[in-house]
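Shown next, in structure tokens, is the structure this report addresses.
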Amino acid sequence: MSLILVGDFMKKLVIGNWKMQKLSSEIHPYFHPFMNKSFHNVDLALAVPYLFLQSCQEAHNGTPFKIGAQDVSAHDNGAYTGEISAAQLASLKISFSLVGHSERRKNFHESSEIVAAKAKRLQNAGILPIVCVGETIEEKPHFQDVLKSQLEPVLSLDPKNLVIAYEPVWAIGTGMSASIDDIKRVHGFIKYFLKEHSYDFSSVRVLYGGSVSEKNASSLLQCDHVDGLLIGGASLDPVGFDKLIATLG
Ligand code: PGA
């Protein structure tokens, strides 16, 4: 199992996030347009509901995707009804998982410490955590403080097996992506923050997410310090997602 999605860090990483969408019957048709395709400039991945991890792993054979989860328990194992542990994900050979998506931080009250604890569980199980961070619209004027508090617990994680996804909450699902200037500023800040704390971020990819579409994906991906994209809505229709990926060169 490859722990880092693909060894070549020069490649950008593009992850689709299905969130709580799709039914079992939609899984095979989804992968159909991607059969026997390869995209040379990007590593491709899909974060799918737990329930579909195994069927996606079977159905995606012959496509360029890696399959991952959208969350993991902060607990090791035991009496936690409804939770899924990192060891259970590893037993399915899952290679990555999102943690700390803003929908989880907001709706399930996950603190940055819990998010880091989840990421640590994943790393210990040999799974790549994609740690999501980002500010709300009210927090935008002081985004540095918000990101600092979200990133501080991340400093305890192994930098060799880590991805950070910057997703401004106000850009998620709104059709209003952050501007190139916003993204440059924030991604630059994230890398500066890690450097300032002597964190070896040379292998840490920083992705952008929030209203990425076929129209803006290519310019967002070319932005300074953007090492990939996390895509929700625009990853749901396979034909549209295939077209979006084609714009990335
Ligand atoms: P969006 O979602 O692309 O639909 O804005 C992104 C995300 O929540 O990961």
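The values are calculated or read from the model by the stated rules, or taken from the named source; none is laboratory data. Source: prediction; values computed, not measured. Here Cβ is always computed from backbone atoms with ideal geometry, including for glycine, and neighbour counts include all displayed protein chains. Note: areas computed on protein heavy atoms with side chains; ligands, DNA, RNA excluded. Shrake-Rupley method; radii C 1.70, N 1.55, O 1.52, S 1.80 Å.
For the chain, the relative contact order comes to 20 percent (Cα pairs under 8 Å, sequence separation of at least 6). Charging the Cβ of each Asp and Glu at -1 and of each Lys and Arg at +1, and nothing else, the dipole of the chain about its Cα centre rounds to 360 debye.
When the C-alpha to C-alpha distance is required to be over 29 Å, the pairs from Lys22/Lys184; Lys140/Lys243; Lys19/Lys215 that qualify are Lys22/Lys184; Lys140/Lys243. Can you spot the aspartates and glutamates whose alpha carbon is less than 17 Å from Lys12's alpha carbon? Ignore those fewer than 8 places along the same chain. Here the aspartates and glutamates satisfying the reach criterion relative to Lys12 are Asp43, Glu167, Glu214, Asp224, Asp227, Asp242. Annotation: amide H-H contacts under 5 Å for Gly210 (H modelled 1.01 Å from N, sequence separation of 5 or more, or interchain): Leu230, Gly232. Comparing Ser85, Ser97, Ser156 in a Gaussian network model of the chain (Cα springs below 10 Å), the most mobile by mean-square fluctuation is Ser156.
Note on Met20 and Lys37: their simple-model spin labels are 2.9 nm apart, each label 7 Å out from Cα toward Cβ. Across all directions, the shadow cast by the convex hull of the chain built on its C-alpha atoms averages 12.3 square nanometres. Between Ser55 and Gln144, the C-beta separation translates, for a Förster distance of 35 Å, into a calculated FRET efficiency of about 0.25. Across Pro33, Pro129, Pro64, mean-square fluctuation computed from a Gaussian network of the chain (C-alpha pairs under 10 Å connected) peaks at Pro33. Accessible surface calculations at 1.4 Å, restricted to protein heavy atoms, place the range 114-249 at 40 Å² per residue.
With the alpha-carbon atoms of the range 1-133 aligned to their principal axes, the span from lowest to highest coordinate is 41, 36, 27 Å, starting with the largest. Have a look at Gly100, Gly232, Gly68 and tell me which one the Gaussian network model of the chain (Cα, springs below 10 Å) gives the largest fluctuation. In this elastic network of the chain, the residue with the biggest mean-square fluctuation among Gly100, Gly232, Gly68 is Gly232. Accessible area per residue (1.4 Å probe, heavy atoms of protein chains only) ranks Asp227, Asp237 as Asp237, Asp227, with the largest value leading. In the range 115-186, Cα pairs under 8 Å separated by at least six residues give a relative contact order of 37 percent.
For the range 161-178, 3J(HN,Hα) computed residue by residue from phi via the Karplus equation (6.51, -1.76, 1.60; θ = phi - 60°) reads 9, 8, 10, 10, 10, 8, 10, x, 4, 6, 9, 7, x, 9, x, 10, 6, 5 Hz, glycine and proline entered as x. Dipole size of the range 90-214 about its Cα centre, with +1 on Lys/Arg Cβ and -1 on Asp/Glu Cβ: approximately 440 debye, rounded to the nearest 20.
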